[in-house]
Protein chains: 2
Amino acid sequence: MSHVPDGPESVFTYGAPALKFGPGSSDEIGFDLSLLGARRVLVVTDPGVAATGAPDRVAERMTAYGIEAVVHDSAHVEPTDASIATAVERARAAGPFDAFVAVGGGSAIDTAKAVDLLLTNPGELMDYVNVPVGAGRAPASPLAPLVAVPTTTGTGAESTTICVLDVLSLQVKTGISHVRLRPVLAVVDPRLTMTQPPGVTASAGMDILCHALESWTARPYTSYERKAPEQRVPYCGANPISDMWSERAMRLLSGAFRTAVRDGSDETARGDMALAATFAGLGFGNAGVHVPHANAYPIAGRVKDFHPEGYPQDEPMVPHGMAVALTAPEAFRWTFDASPERHLAAARFLDPTAEPGADPAALLPRVLCDLMRDIGLPDGIGGVGYDASDIDGLVDGALKQQRLLATCPKPVRADDLAAIFERSIRLWE
Amino acid sequence: MSHVPDGPESVFTYGAPALKFGPGSSDEIGFDLSLLGARRVLVVTDPGVAATGAPDRVAERMTAYGIEAVVHDSAHVEPTDASIATAVERARAAGPFDAFVAVGGGSAIDTAKAVDLLLTNPGELMDYVNVPVGAGRAPASPLAPLVAVPTTTGTGAESTTICVLDVLSLQVKTGISHVRLRPVLAVVDPRLTMTQPPGVTASAGMDILCHALESWTARPYTSYERKAPEQRVPYCGANPISDMWSERAMRLLSGAFRTAVRDGSDETARGDMALAATFAGLGFGNAGVHVPHANAYPIAGRVKDFHPEGYPQDEPMVPHGMAVALTAPEAFRWTFDASPERHLAAARFLDPTAEPGADPAALLPRVLCDLMRDIGLPDGIGGVGYDASDIDGLVDGALKQQRLLATCPKPVRADDLAAIFERSIRLWE
C-alpha cells in the first residue's frame, strides 16, 4: 500500500490507556464512564475476586452517576476458549452494553477484552485468535470502551492490547492481539490488592519483574528492517519510552517486592507494587517480551499435577507469573552476550549492592534466584513437576510463540531453548 | 454529586496521546488517519511552516490511503482571538472534516484544537475560554480526532489539553483547557525540526526545560485536599509519572541543548530535543507548571518593541519559551526552600558537574543562567524591553494566571512576584 524506504527501522510507537491511580480511585469509575457516554455496563470478574466484594462495590458506586451495572463472575482463572465462549454467551443474553469494566487479575481483564470484542464485532473467538491456532482476523470496528481495574499486581493486562487464553482441544496457550483491545482507562486502586495472598503476590510480582526485564533486554526497535505502517505491531522492540518504564518498575520492585510478599498489609509496599505493575505494563505493552514469556506458555499449558498456594485448588495449574519466572534466570544467562551492559544495569536496578564477579553473565541470574528463593517460588521447572523427559514438549510449545520470540535480542533455535529448560530443572539446590 | 472522603488527595490521573516517533513518521499519517475512520481532513499550519513545504508533503502522503486533505495556513504565530476566529471561519467554509491534523509549533497545534472544538461543538470561542476572561464552558461532545505533528521542539502542545491565545481587546494571554482538547496521536518526526533557526531552537528549548523543571518542582498531588471526580483537572500536581518524564527530559536536554542551538544539522541532537520536548509535554501535561509560565503570559502579552531573531519580524513579540525562561532562575531561587533536594537534583540532571556552594539555593539559578547565556537568550526581562516601571503591570498579569499559580509549591503573593520580576531585570551582567 505504501512505499517503504530501505534500511533499518527509524520509528517507534507508543500507546497507553489513560490512568487513574491511588487509594479510592475505584470509587470514581461511574464518573469516568459517564464521560465516555456509558449508561449500561457489564462488570466482568471471576468468582474468587467476586467473593472479596470488590466488583459489587465498584458496580454499586456507579449508580450515583446514573450508570446501570450488571456483574458477571464469568472469568475463569487462566481463561480458556470454553470459558470465554460461556462468558460471551452470558453477556450476549444480558446485553446490550455500551461499556465494559473488568475487575480482577489478568484473567478477568483478558476475558473482558474478548467479551467486548465479540459483542461489538461479528464472528467467533477463533476468527480472532493469533495464527496458526486461529484465523488472526483484525477487529473491523472499534470496541466499546473497556475500563480495567486490576486487583492483582502483576499482569499489566490493563495496559496491553492482548488477550491470553488456553485452547483446550489443542493443549496450547495463545492469544488475540490487536491495538483495538487496549482498555481506554486503567483504574489502579492499591486497596483492591491488599487481599492478594502471599503466593499470588509472589507469582504475579515475578510477572511484573519479567515484563520489565524482558522489555529492557528486548531487541531494539532500530535493529529491525523498516516497516510499512500497516506492518507495525504494538510490540515494537526496546525503545526510549519502554526503557524508562522498565527501569522505574525494576527500581520500585527492588524496594517493595520482598516486603509485599512478607507483609501484605504494608500499604506503601502494596502501592509501589501496583505502580510497578502499571509501569512495567506500559513498558512491555509497547516493547514486547521474549524467552521467559514464550517458555511460560507450555510450562503453564502442560501442567500435570501442581496446585500452588493462594490459587483455586480444584484444577492443577502453574500461575502465569510463576511459569514466566522459572526459566528467567537461565534465559538471561543465555541473552547476556547480546547486551552485557543492560544485563548488568538490570541486576543493579534490582539489587543496588550487586557486584559482578569473575563471570558477569552470572550476576543477573544470581540476583533473580536470590529473590525467587526469598519469596517462596518453586526451585525451577522441576519444582512444578517437569523433568528431562518433558523438555522436547516444552521446547515445541515455546517455539509456537514466534510472535514473542521475534523480540528476543538474538536468534533463538530449538537447542537454545532446550538448554535453557534443561538448566532450569533445578535453579539453586 | 458524590461523597468525597476528608483528608489529603490520594489519587492522581495521567493521560497522553498515542505517539509515533522517529525520522519518517510523518509520512505515515494517512494510515493512522484511516484507522481513525477519517476520509476528509483539514491540515492546519502557519505561513512560516507552510513555506518549508512540510504541511503539503504531509497532506500529499495521505492520498495513498484514500484521505482527502485541505491545507490551511490559517494559524498565527502566538494565536489571538481574532486569528482563531478567522481560522474557524475558513474551516467552516471548507468543511465538513472528520479529522484534523496540525503541522507546526504550538501556535498551529493550539489553533487546530480551537478549530476542532468550534467545528464539533456549538457556541463561539469566548464561551470556552477560561474564566474570568471567558465563560469557561466545557465542550459537550467529543472533538473530532486531532493528530499533532510538531515542527518546533518545545511547546509539548501535542501532549496537552490546553489552547493558549491572546485576547487582543484585553491585552491578556489566556487559554482553553479541557481533556477533550488533547490530540489523539502525536507524530514526532525530528526531520521536520531541522529547519528551526537557532533562535527558535533556543527559545523553544527553554520552554521544554521549564516544562520539565516546573513539573518536577510543582506542588505534589498529595498536598491538595481530596477532590471529587468531577473536580479533577488534567494538571494534578507532581506525581510519580510526571516526575519520571521530567527527569528524563532534563537529562536529554543536558546532553543535546547547546549542540542543537550551535549546529542545527546535528541529527542526534535534534532527535534528543524532539524526544525531550515530547517527554516534558507528557510530564507537565499531567502535573502542571507554575511561576515561570504564569510570568510568561504578561511578559509576552505586554511586549513593546522586541523583535527576536528567527521569528516573523512584522510584529513585536517575545516568543513563549523566551518569556518563560526570563524569570525562571529567580523563580527557582524563590521556590528552593519548598523542596531543596528537588532543586539540587534538577541542577545535577541539567549539569552533572554542578556542585552547591555556600548558598545551595543559588545552584539551579546558576546552571540556568549559564545555559541561557550560552544559547544566546536576552539578559533578563530588561533584555526584551522591561524596566522597574513595568513591574506592577507584569505582576497584575501574572496574578491573573491562578490556574497555573495553583500548582506552585508554595503560596504566591503579589510581592513575591514583584521581587522575582525585579531580580530578573538583569540576570548576569
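The values are calculated or read from the model by the stated rules, or taken from the named source; none is laboratory data. Note that the coordinates shown come from a computational prediction; the quantities given were computed from them, not determined experimentally. Note: ideal-geometry Cβ built from the backbone for every residue, glycine included; neighbour counts use all protein chains shown. For the accessible areas, the whole protein counts, side chains as well, though only heavy atoms, and no ligand, DNA or RNA atoms are used. Shrake-Rupley method; radii C 1.70, N 1.55, O 1.52, S 1.80 Å.
Of A:Lys173/A:Lys400; A:Lys113/A:Lys173; B:Lys113/B:Lys227, which ones are farther than 19 Å apart at the Cα?
Over 19 Å Cα-Cα: B:Lys113/B:Lys227.
Counting only other residues whose beta carbon sits under 14 Å from that of B:Leu399, what net charge do I get with K and R as +1, D and E as -1?
Neighbour charge sum, excluding B:Leu399 itself: +1.
At 0.36 nm per residue, and after removing the present C-alpha to C-alpha distance, how many nm does the segment from B:Ala354 to B:Gln231 gain when stretched out fully?
40.2 nm
Quantify, in whole percent, the carbon and sulfur part of the accessible surface of segment B:198-423 (1.4 Å probe; protein heavy atoms only).
50
Any idea of the total accessible area buried by the B-A contact, 1.4 Å probe, rounded to 100 Å²?
3200
Please name the residues of segment A:221-254 whose accessible area, counted over protein heavy atoms with a 1.4 angstrom probe, falls by no less than 10 Å² between the chain alone and the full protein assembly.
SASA drop of 10 Å² or more in segment A:221-254: A:Arg226, A:Pro229, A:Glu230, A:Arg232, A:Pro240, A:Ile241, A:Met244, A:Trp245, A:Glu247, A:Arg248.
When the chain is fully extended, how far beyond the present Cα-Cα distance does A:Ser169 get from A:Asp370, taking 0.36 nm per residue of separation?
Extra length from A:Ser169 to A:Asp370 when fully extended: 68.6 nm.
Please work out the average accessible area per residue across the protein assembly as shown, using the 1.4 Å probe convention, and give it in Å².
In whole numbers, the protein assembly as shown has 35 Å² accessible per residue.
Taking the Cα centre of each part, how many Å lie between segment A:348-397 and segment A:7-73?
Using only Cα atoms to place each centre, the spacing works out to 35 Å.
May I ask you to report, in nm to one decimal and beginning with the shortest, the distances from A:Pro352 to the same position in the other copies, taking label points 7 Å along Cα-to-Cβ?
Those separations, rounded to one decimal, come out as 1.8 nm.
Please list, by residue number, everything in segment A:379-393 whose backbone N is under 19 Å from a paramagnetic label point 7 Å out along Cα→Cβ of A:Ala414.
In segment A:379-393, the label zone of A:Ala414 (backbone N under 19 Å from the point 7 Å along Cα→Cβ) covers A:387-393.
Let me cross-check A:Glu315: its accessible surface, 1.4 Å probe, with only protein heavy atoms counted, in Å² to the nearest 10?
It works out to around 90 Å².
Which aspartates and glutamates, on any chain, are close to B:Lys304 with Cα under 19 Å apart, when same-chain ones fewer than 8 places away are left out?
B:Glu78, B:Asp166, B:Asp314, B:Glu315, B:Asp379, B:Asp387, B:Asp390, B:Asp392, B:Asp396, B:Glu422
Please give the net charge around B:Thr161, taking every other residue with its beta carbon less than 9 angstrom from that of B:Thr161, where Lys and Arg add +1 and Asp and Glu add -1.
Local net charge: +3.
Keeping all protein chains in position, work out how much accessible area A:Ser265 exposes to a 1.4 Å probe, and write it in Å² to the nearest 10.
A:Ser265 exposes around 80 Å² with every protein chain in place.
Filter the trypsin sites (Lys or Arg not before Pro) in segment A:1-99 to those in DSSP coil with at most 15 other Cβ atoms within 10 Å of their Cβ, and list the result.
Sparse-neighbourhood loop trypsin sites (Lys or Arg not before Pro): A:Arg39.
Tell me the net charge near B:Pro190. Cut-off is 9 Å between Cβ atoms, B:Pro190 excluded, with +1 for each Lys or Arg and -1 for each Asp or Glu.
-1
With charges only on Cβ, +1 for K and R and -1 for D and E, what is the dipole size of segment B:77-182 about its Cα centre, in debye, rounded to 20?
Here segment B:77-182 has a charge dipole of around 160 debye.
Mind listing the label-point distances from B:Ala64 to the same position on all other copies, shortest first, one decimal in nm, points 7 Å along Cα→Cβ?
With the label placed 7 Å along Cα→Cβ, B:Ala64 yields 5.2 nm.
Relative to the present Cα-Cα distance, how much length would full extension add between A:Arg57 and A:Glu315 at 0.36 nm per residue of separation?
90.0 nm
Note down the accessible area of A:Asp359, probe 1.4 Å, to the nearest 10 Å².
80
Of the listed peptides B:323-333, A:186-196, what is their order by residue-averaged count of other C-beta atoms within 10 Å, with the highest listed first?
B:323-333, A:186-196
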